[in-house]
1. Can you name the number of the only condition in (1) loosely packed, with under 10 Cβ neighbours inside 10 Å; (2) at pLDDT 85 or above that Ile75 fails?
2. Inside the range 38-49, can you point out the residues that are at pLDDT 90 or above and under 15 Å from Val16 (Cα atoms)?
3. Specify the residue that is nearest to the chain's Cα centre (by Cα); the eligible residues are those in the range 31-50 that are of a type in the set (Ser, Thr, Tyr) and exposed (fewer than 15 other Cβ atoms within 10 Å of the Cβ).
4. Are there any pairs, at least 6 apart or on different chains, whose C-beta atoms fall under 8 Å, with the first in the range 24-46 and more than 18 Å from Thr14 (Cα to Cα) and the second among the β-branched types (Val, Ile, Thr) and assigned to a loop (DSSP other than H, G, I, E, B), and if so, which?
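The values are calculated or read from the model by the stated rules, or taken from the named source; none is laboratory data. Model, not experiment: these values are computed from the prediction. Reconstructed Cβ throughout: ideal geometry from the backbone, glycine too, with neighbour counts over all protein chains shown.
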Amino acid sequence: MHYQQWLTHENARTFVISILRRGVFGRQRRSYWKFPLTAATRYRRCFGAAMTLAEMGYHFQVMTRRLLEAVEESILPPAVEKGLTEEAD
């Protein structure tokens, strides 16, 4: 059975950036480290695919959050936004 090599130069670079952004500076550091350690110890053959899917999931979360913020800004009229900010003060 032939497995695709996942540790290319680009994948290694992406993995290091992921470690820095989410594993060192991210708010969900504990969850971040739990996933790769589990994938590396229990599912070694699928580690590359697991990390790829984790990154894709993270980007899906980011894009969904940005889309929701843009939709909320376009739906609320300026008077409502002003009222919401005054109530918060």
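1. (2)
2. Within the range 38-49, none qualify.
3. First pass over the range 31-50, keeping only residues of a type in the set (Ser, Thr, Tyr): 31-32, 38, 41, 43.
In the following step, the residues that additionally are exposed (fewer than 15 other Cβ atoms within 10 Å of the Cβ) were identified as 31, 38, 41, 43.
Values: Ser31: 11, Thr38: 18, Thr41: 22, Tyr43: 21 Å.
Among them, the one singled out is Ser31.
4. Note: no pairs meet the criteria.
So that you can scan it fast, the table gives a plain yes or no per residue for (1) at pLDDT 90 or above; (2) more than 14 Å from the chain's Cα centre (by Cα); (3) surrounded by 10 or more Cβ atoms within 10 Å (Cβ to Cβ):
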{"position": "Tyr3", "(1), (2), (3)": "no, yes, no"}
{"position": "Gly23", "(1), (2), (3)": "no, no, yes"}
{"position": "Arg29", "(1), (2), (3)": "no, no, yes"}
{"position": "Thr52", "(1), (2), (3)": "no, no, yes"}
{"position": "Phe60", "(1), (2), (3)": "yes, no, yes"}
{"position": "Arg65", "(1), (2), (3)": "yes, no, yes"}
